[in-house]
1. Quick check on packing: order 161-172, 84-95 by the mean number of other C-beta atoms within 10 Å, highest mean leading.
2. At 0.36 nm per residue, and after removing the present C-alpha to C-alpha distance, how many nm does the segment from GLN160 to ALA173 gain when stretched out fully?
3. Excluding residues fewer than 8 places away in the same chain, name every one of the lysines whose C-alpha is closer than 25 Å to that of LYS277.
4. Give the long-range amide H neighbours of VAL75: residues separated by 5 or more places, or on another chain, with amide H under 5 Å away, using H modelled in the peptide plane at 1.01 Å from N.
5. Quick one: pull the percent of accessible area on segment 159-305 belonging to carbon and sulfur, 1.4 Å probe, ligands and nucleic acids left out.
6. With a point put 7 Å past each Cα toward its Cβ, work out how far GLU255 is from GLU285 in nm, to one decimal.
7. Per 0.36 nm of contour for each residue apart, how much would the distance between LEU229 and SER203 grow if the chain were fully extended, relative to their Cα-Cα spacing?
Amino acid sequence: MSKLGVRDDALYSSARSMDSQISRSLGIGTGPHMSGVGIFFQQESDGKVYVKTIVSGGSAERDGRVRVGDVMCGVDGRDVIGEPVSVLRSLLLGHEGSNVVLTFARAVEAGAEGDDQDSNNLTHTVIAKFDVELTRGSPDYFTRMDATRRYESELSELRQQLKQSLGEEKEVAEEVERVKRVLQLERGASARREKEMEDIRGSHMREVAALTEACRRAEQVRREANSRLAPVQSREQDMSEELARMKEKDRLRKEYVEELRKRHEEEAARLEAQLAKEQRARREEQVQFLNSQPQPIASALSPQP
């Protein structure tokens with residue numbers, strides 16, 4: 001066990017039994033409005049709680065200062081070293097959007113002080129404590145908050161554009177009123193102008209009708225394109241699924257070939273062992289047979305005097 005209480009091999013078996021319980025209790029939180037700070041903790045047998053996992057998209061990852069292996073020492077100024085899990089849970093969990101100050105300890109390397117020159121190259125490990133203020137909330141909560149900020153920014157921009165448009169509309173309205181007053185003063189001499197305005201209005205209506213027809217045709221073309229694209233997308237999906245099936249078949253074939261190769265090697269080894277055993281048995285039988293035969297008499301082979 002290091003100074004920070006980080007798990008080693010000797011304590012792994014004892015810490016593993018409580019790992020899942022501690023992680024679920026101190027990680028994200030329970031309930032629709034209760035959340036943690038995006039950290040999974042693990043408590044060792046000596047009571048120290050260290051950071052096991054940092055949740056992607058959570059408050060701790062967004063902050064960036066907390067690391068895996070840091071030991072939690074305090075919550076909102078309260079010392080929690082050796083506290084039971086239930087106490088840590090009650091302190092860490094809270095409503096989404098609320099803040100909590102966590103105190104961590106971390107082993108850092110520092111240069112050793114000495115008078116001789118060689119001591120300047122030596123380092124030693126010291127324990128450094130630091131505070132991190134985190135906001136409680138799940139990754140979905142922070143995603144929603146970011147989306148809300150973007151929406152508010154866009155809404156502010158739209159309001160500014162609307163304000164500008166209203167100012168321009170007001171100026172246009174004032175100009176129209178001025179023109180009306182001028183027309184009223186010149187009504188007697190504006191017959192020709194009125195006719196020109198009617199012509200312009202008619203031309204405008206025709207342009208609007210032409211644009212409407214063009215929009216209708218564009219929409220029709222878009223629908224036709226979508227209808228043609230749908231079979232292509234379906235075919236692409238089918239081809240992807242077929243490719244996945246082919247890859248799976250190829251994997252199974254390789255596994256089957258590998259299994260046959262292993263069986264062949266095992267069978268060959270077994271047959272070789274059996275053959276060697278049978279050869280040894282035959283040699284032993286031949287030796288026993290030769291030993292059981294009577295030895296020839298030397299006198300019978302020598303000539304008579």
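1. The densest-packed peptide leads the list: 84-95, 161-172.
2. Here the answer is 2.7 nm.
3. LYS262
4. Here VAL80, THR103 satisfy the definition.
5. 56 percent
6. 4.6 nm
7. 5.5 nm
The values are calculated or read from the model by the stated rules, or taken from the named source; none is laboratory data. Only a predicted model underlies this, so the values are computations on that prediction, with no experimental measurement involved. Every residue, glycine among them, receives a Cβ derived from its backbone with ideal geometry; neighbour counts consider all protein chains shown. Ligands, DNA and RNA are excluded from the accessible area calculation, which covers all protein heavy atoms including side chains. Shrake-Rupley method; radii C 1.70, N 1.55, O 1.52, S 1.80 Å.
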